[in-house]
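What follows is one structure encoded as structure tokens, with my remarks underneath.
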Amino acid sequence: MGVLNVTPDSFSDGGRFLDTEAAVAHGSRMTDEGADIVDVGGESTRPGADPLPIDDELRRVLPVIEGLRASRLDVVLSIDTRHALVAKKAVTAGASIVNDISGGHDPAMLAVASDSGAGLVLMHMQGDPSTMQFEPHYDDVVAEVHEFLRERVEAAVFAGVSSEHLCIDPGIGFGKDLEHNLALLRAIERFRDLEAAVMVGASRKRFIGTLTGVDDAGARLEGSLAAAVLSVAHGADLVRVHDVAETVRAIRVTDAIVRGSG
């Protein structure tokens, strides 16, 4: 899954693709580089970010989704949103997946996925983007994140979402400190019993900068590749990344070693 942030303030690439034409061109480039999914997001959810009015989010994402769909790219489009109204309109415009960092906090989100038949990614986040990194605490981060995702999968299936359309994400960097992130990455296989695909989004995250001493998020390629490769080796079905070409090449080697799929 290639990241396409159409925001002025995302932690890594804010402002680069705010223009619709530039965003569509970047989505096309990621498709050429091997992305299976392009994930379009209009609201920054970096640590400390304030909520964005829904009308502003719609104005950012809908023209990009429409532009990508009009380009007839051989790629699945995803909408990265916490809001059911945005998800509904994005699916109508051409998105096939809803990537919800709140795990379906909006009461109408599960119904949108059920009614539309869209895929649904349910992520764990402690708090919300404005508060999530203020001293996050867990007694057992793996067990607590697993239980949250188990409950959200159960709720989604009860709401009519097919289990085949569900994906879970432990939420690396969303209400987690360094040790929480590392514990979750070591335990990816634990999440495979939830009868949903497993996605990991560790690309360019702050913990990589902490471990490598690289402050510039855009320069955290090596650490991002390490996280992606190990996630796939330990059972992740999908990785959400900024550096598509490099990650695709690294995962091809990983799959050949781990699964004999070369």
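Which of the three applies to segment 177-258, rounded, prolate or oblate, going by the alpha-carbon gyration tensor with a ≥ b ≥ c and a/c under 1.5 meaning rounded? Display every interim value, and only then the final one.
Working: a/c = 2.11, a/b = 1.27, b/c = 1.66.
Judged from the Cα gyration tensor, segment 177-258 comes out oblate (a/c at least 1.5, b/c at or above a/b).
Using helices alone, I'd like the mean residue ellipticity at 222 nm for the chain: each DSSP H run of four-plus residues gives -39500 (n - 2.57), total over residue count, nearest 500. Walk me through the numbers before you get to the answer.
Working: 9 runs with 111 residues, N = 262.
Helix-only estimate at 222 nm: -13000 deg cm²/dmol.
Loop-located trypsin sites (Lys or Arg not before Pro) in segment 72-109 (DSSP state other than H, G, I, E, B) with a sparse environment of at most 15 neighbouring Cβ atoms within 10 Å: ARG72.
Counting only protein heavy atoms and a 1.4 Å probe, tell me what percentage of segment 1-113's accessible area is made up of carbon and sulfur.
On the way: 2260 of 4600 Å².
Percent of accessible area from carbon and sulfur atoms in segment 1-113: 49.
A cut-off of 5 Å between modelled amide H atoms, ignoring neighbours fewer than 5 places along the same chain, links GLY103 with MET123.
Our note on the geometry: Cα centres of segment 195-262 and segment 90-122, 25 Å apart. The stretch between ILE257 and ASP115, if pulled fully straight at 0.36 nm per residue, gains 47.1 nm over its current Cα-Cα span. Using the 1.4 Å probe convention, the accessible area of the chain works out to 44 Å² per residue with neighbouring protein chains retained.
The values are calculated or read from the model by the stated rules, or taken from the named source; none is laboratory data. All figures in this text were calculated on a predicted structure; none of them were measured in a lab. When we count neighbours, we look across all protein chains shown, and the Cβ atoms used for this are built from the backbone with ideal geometry, even at glycine. Calculation scope for accessible area: heavy atoms of the full protein, side chains included, ligands and nucleic acids excluded. Shrake-Rupley method; radii C 1.70, N 1.55, O 1.52, S 1.80 Å.
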